[in-house]
Ligand code: V47
């Protein structure tokens, strides 16, 4: 039987896909067939529903001691040209300035700053909650958590507990890159390794927090390393059930040390999202981060396994410094329109996927 037919039969029988199936899906010449299978799995879980949220991205400092070759955002030392570190008041002002917006989430990602005290981060969480008491704080990647533990002489668990007590609600998925040791040694050798990243997510789940996992693709990784990354994520989810979304992130080559590499193509992006949906049978959502994929490809991806588009974002720097030509924000009306025009049903969610505004709202708006 044709290999994709065998995979379709397995999916129909509710059987798990194997490592070899993952490689087959990446190698199969017909992208459309792979997409159709992924779409079936997407529709089994979510029908046409497509999620997004009303969020704000904050990057409080770009000072970073790590030397990830793909990064265009970090600056090594305080005082380097273009380096910045916001005061806490500046961080709070970013949120205060959005007082009129019905935001539900603030997503904070920072460089690994060698000189700030731990109180900076604790006070940041407390202060953000004071400015907006109901807001969900999705802050600090597992790589930042590991860095805090090493810098401030605490265990990973102590760091998570203290941050949680100060207001941390969940962890974003950044810092995962590609789990394979061969790749990490080359592109991000001096930050938390895959085992530590996964163990911090495991700990966060045990403490009652939800997290996401990302995968940076389109640089030096092999197909096998992508599948391995997905299977390690799936194994974590089998153990804890604490993951909400898997987010493939398209490599952007401008202004970093891997700038000679081409950016991944639209077809590669569609395939990676589709294979993610098929392999990660236990992760509820596959997210296309529209800032990274581009708005048009994000729209098409809604037929290739994707059911989530992140959100309004606003103030994104990491991708824009690496050459992204997407807008820095989309309004919720923009996002709903682009989902509708793709033939899908928009749902504004909060970070934990509770419905804020369902698909019926558009009809109400239209007749209001
Ligand atoms: O870990 C950095 C990536 C990540 C580049 O959890 C790059 O909801 C491409 O993790 N080209 C941070 N990627 C962003 C992130 C994220 C995004 C959206 C949603 C969520 C979530 C998390 O950005 C880093 C790294 O993998 N990155 N530089 C670059 N040049």
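Can you find even one residue in the range 326-337 that is crowded, with 21+ Cβ neighbours inside 10 Å and within 16 Å of the ligand (Cβ to nearest atom)?
Kept after step one, since they are crowded, with 21+ Cβ neighbours inside 10 Å, are these residues of the range 326-337: 330, 335-336.
Next, from what is left, pick out any that are within 16 Å of the ligand (Cβ to nearest atom): 330, 335.
Within the range 326-337 (the criterion being crowded, with 21+ Cβ neighbours inside 10 Å and within 16 Å of the ligand (Cβ to nearest atom)), the answer is yes, since at least one residue qualifies.
Taking the range 118-129, which residues are surrounded by fewer than 22 Cβ atoms within 10 Å (Cβ to Cβ) and either closer than 23 Å to residue 212 by Cβ or touching a residue at least 12 places away in the same chain (Cβ under 8 Å) (or both)?
Taking the range 118-129 as the starting set, the residues that turn out to be surrounded by fewer than 22 Cβ atoms within 10 Å (Cβ to Cβ) are 118-120, 122-123, 126-127, 129.
Within the range 118-129, 118, 120, 122, 123, 126, 127, 129 meet the criteria.
Looking at the range 165-195, which of its residues are closer than 17 Å to residue 212 by Cβ and either surrounded by fewer than 17 Cβ atoms within 10 Å (Cβ to Cβ) or without any contact (Cβ under 8 Å) to a residue 60 or more places away in the chain (or both)? It would help to see each step written out before you state the result.
Of all residues in the range 165-195, those closer than 17 Å to residue 212 by Cβ come to 168-179, 192, 194.
Matches in the range 165-195: 168, 171, 175, 176, 178, 179, 192, 194.
Which one of these is on the phi < 0 side of the Ramachandran plot and touching a strand residue (DSSP E or B) at 6+ places or on another chain (Cβ under 7 Å): 253, 264? Explain how you work it out, then say what you get.
Values: 253 fails: touching a strand residue (DSSP E or B) at 6+ places or on another chain (Cβ under 7 Å).
It is 264.
Any residue at all in the range 151-170 that is within 16 Å of the ligand (Cβ to nearest atom), assigned to a loop (DSSP other than H, G, I, E, B), within 25 Å of residue 319 (Cβ to Cβ) and within 18 Å of the chain's Cα centre (by Cα)?
There is at least one residue in the range 151-170 that is within 16 Å of the ligand (Cβ to nearest atom), assigned to a loop (DSSP other than H, G, I, E, B), within 25 Å of residue 319 (Cβ to Cβ) and within 18 Å of the chain's Cα centre (by Cα).
Looking at (1) in a loop (DSSP other than H, G, I, E, B); (2) under 24 Å from residue 288 (Cα atoms), can you tell me which one residue 107 breaks?
For residue 107, the failing item is (1).
Okay, residues lined up against (1) over 18 Å from residue 171 (Cα atoms); (2) within 24 Å of the chain's Cα centre (by Cα); (3) at pLDDT below 95:
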site	(1), (2), (3)
93	yes, no, no
98	yes, yes, no
104	no, yes, no
107	no, yes, no
112	no, yes, no
123	no, no, no
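Does the range 297-318 contain any residue that is within 15 Å of the ligand (Cβ to nearest atom), at pLDDT 95 or above and farther than 21 Å from residue 244 by Cα?
For the range 297-318, residues within 15 Å of the ligand (Cβ to nearest atom), at pLDDT 95 or above and farther than 21 Å from residue 244 by Cα: present.
Residue check, residue 201 against (1) within 30 Å of residue 164 (Cβ to Cβ); (2) away from the ligand (no atom under 12 Å from the Cβ); (3) part of a helix (DSSP H, G or I), all met but one. Which one?
Here residue 201 meets the rest and fails (2).
The values are calculated or read from the model by the stated rules, or taken from the named source; none is laboratory data. Computed from a predicted model, the values in this text were never measured in an experiment. Cβ coordinates were reconstructed from backbone atoms using ideal geometry, including for glycine residues, and neighbour counts include every protein chain displayed.
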